[in-house]
């Protein structure tokens, strides 16, 4: 090694003599300086078995399966939902017919916030950026003709996750599918709502109770369901760096584990059903390093700190979505290229499922054509590029290994800081994450403004007088009216006495300590609406208010 | 004596995408304006009330949920009804070109900035088009 050290020092000397430059001018998209060259010196002293190991084995740095994509490629899971259940149902059938292998539901804002379509706060937002679901009746329509024992469904829902999940379970019952056979994911990650996505309903404590109720119910009755998808995606989209995304997401994960243990659950009972959701941004190697570091950190903590004994509890399984915030309204076709690189990084990072954004998403909801190209991008990576032939092809790269170690070390610093602040919820209350993210996003924007960071078509290589003419999917304003009428007529025709009893029982349970899931299920079965169930819980739990920081 | 330009940056509706609103708020503040940020999930009534109470010259609405065709007309109408029609309404977010044209032509918004707009452009527009009131 000392020969190498000497030789390397000599090379560096020549380098600086001939072409002097500064690492500070070569930074990742997160602002991390990168060296001109990485060598065995950067991974010196690394114990291969301890740090990397083999795929499918602890600490899973190289992947969670023995054979990774040689056995089965990742799940193509395009997120979609718009207008009413009927229109979204048609889009799902189209995607399934084109080779998509999992469904992913985007809900509209009123559904996400727990309001029915006819609530005054829902005005103008019904069916706009997702599908409107008010009751079990809508859920039945959403999955009409789609056998729920054959597909896996991911639902991006957090504050009211328990209610929408209960509707899905009840919908399956009506199809004759028992809950034990259902597979899928609810996002159900309320911590990142307070941190970044900001679609909260209740204050943190009752929210955490609902989540642990879901863990316990899932372990018993819906064993193949991922009961939380701990999400860095939104943290990153809100402007966080790659390290912040990694650290804050894993810190949230640890907080859920601790909450589950505190609620009296055995860690191995619920930890195997925890899953993750990350962003894949434009800085190719930084992203790959982030995914690899995430697996290693999670495995170590689960085993060593939380004492998990089941290897399935050590595995960090994750979904990836390419970075919406990297797309540009200018020259939107270029977004196809951006998305392809980001998708490739996710695959080289070992993702379990993937959503590729459509080129037009920065302008509006994607059209069919744009969605198809996005799906085809994944199929091209899987079938044409050859990257699936070997596992973790970048493992052992001096650069990627050094970057993986660096990401891990930086994340550890954040864990320390969060602990000093009194844990994740205390750090949220103190505005710590919110301020860190606001600072990072402002720094990034400044770099763009000063052209320290070039975005093709936006601050360089601009097409003067560019006229953007790609077709845009429009939502018919009649959608809102139709959905409002639908929920009104439901209230007029269902058995309202049963609804009242179910809601009263739910409130009583909320005041106590019983698991809330059976009560929520009872309420959805008699067609209580989402808004009514959430309102009942608000009366017991109250609502969260954020102190605005900028 | 003229005072500094006072801006209310507001997030109407239910969506939580506040990255753009915060970055713009900070840039306007760094450019020497007085900026008040409402925080999330505001109704048009709450926004108009805040604009009047804070005696601002301009309101910037950030909408990424697709509700812009409802929100802009409503805020503008409420401002006029409450005798504050002189407060300029501007905004930004994911707003398709046709909608943008319609909102501006009907006077619901003085200007709308869509993704990728340089901060400098927004600052300059405000400095040029918003006259701070006299004390």
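Every number in this text was worked out from the coordinates using simple rules, so none of it is lab data. Computed from a predicted structure; not experimentally measured. All Cβ positions, glycine included, derive from the backbone under ideal geometry; neighbour counts span all protein chains shown.
General observations
- Taking 7 Å steps out from each Cα toward its Cβ at residue B:3 and residue A:11 produces label points 6.4 nm apart.
- Using alpha-carbon coordinates, inclination of helix A:161-175 to the longest axis of chain A, degrees: 60
- Spacing of the modelled spin labels on residue A:372 and residue A:435, each 7 Å from Cα toward Cβ, amounts to 5.1 nm.
- The overall shape of region A:186-317 is oblate: from the C-alpha gyration tensor, with semi-axes ordered a ≥ b ≥ c, the ratio a/c is 1.5 or greater and a/b is no larger than b/c.
- For A:484, A:6, A:467, the sequence from fewest to most other C-beta atoms within 10 Å is A:467, A:6, A:484.
- Average partner coverage of A:359-367, which counts Cβ from other chains inside 10 Å: 2
- Degrees between helix A:368-384 axis and first principal axis of chain A (Cα, 0 to 90, nearest 10): 50
- Taking the helices alone, the protein assembly as shown has a mean residue ellipticity at 222 nm of -14500 deg cm²/dmol, built from -39,500 (n - 2.57) per DSSP H run of at least 4 residues and averaged over all its residues.
- Taking a ≥ b ≥ c as the square roots of the eigenvalues of the Cα gyration tensor, region A:425-550 is classed as oblate, since a/c reaches at least 1.5 and a/b does not exceed b/c.
- Note on A:451-460: average number of Cβ atoms from other chains within 10 Å of each residue's Cβ is 1.
- Three-way shape call for the protein assembly as shown based on the alpha-carbon gyration tensor, with the a/c threshold at 1.5: oblate
- Region A:522-550 and region B:90-111 have Cα centres separated by 33 Å.
- Region A:61-84-region A:294-340 distance, computed between alpha-carbon centres (Å): 11
- Estimated FRET transfer efficiency (residue A:454, residue A:493; beta-carbon r; R0 45 Å; 0.05): 0.15
- DSSP beta bridges fully contained in chain A are about 5 percent antiparallel.
- As a calculated quantity, the FRET efficiency between residue A:66 and residue A:426 at R0 = 45 Å, using C-beta atoms, amounts to about 0.65.
- Average beta-carbon neighbours from other chains, 10 Å sphere, peptide B:22-28: 5
- Extending 7 Å from the Cα toward the beta-carbon at both residue A:337 and residue B:125 defines two label points whose distance is 2.8 nm.
- Tilt relative to chain A, helix A:496-511 - C-alpha long axis, 0 to 90 degrees, to 10: 50
- Highest average first, the peptides A:152-164, B:119-131, A:229-241 ordered by how many other beta carbon atoms sit within 10 Å of their residues are A:229-241, A:152-164, B:119-131.
- Taking packing as the residue-averaged number of other Cβ atoms within 10 angstrom, the listed peptides B:80-91, A:318-329 run from highest to lowest as A:318-329, B:80-91.
- When both region A:131-195 and region A:223-290 are represented by their alpha-carbon centers, they are found 21 Å apart.
- Residues A:298, A:200, arranged from fewest to most other Cβ atoms within 10 angstrom of their Cβ, appear as A:200, A:298.
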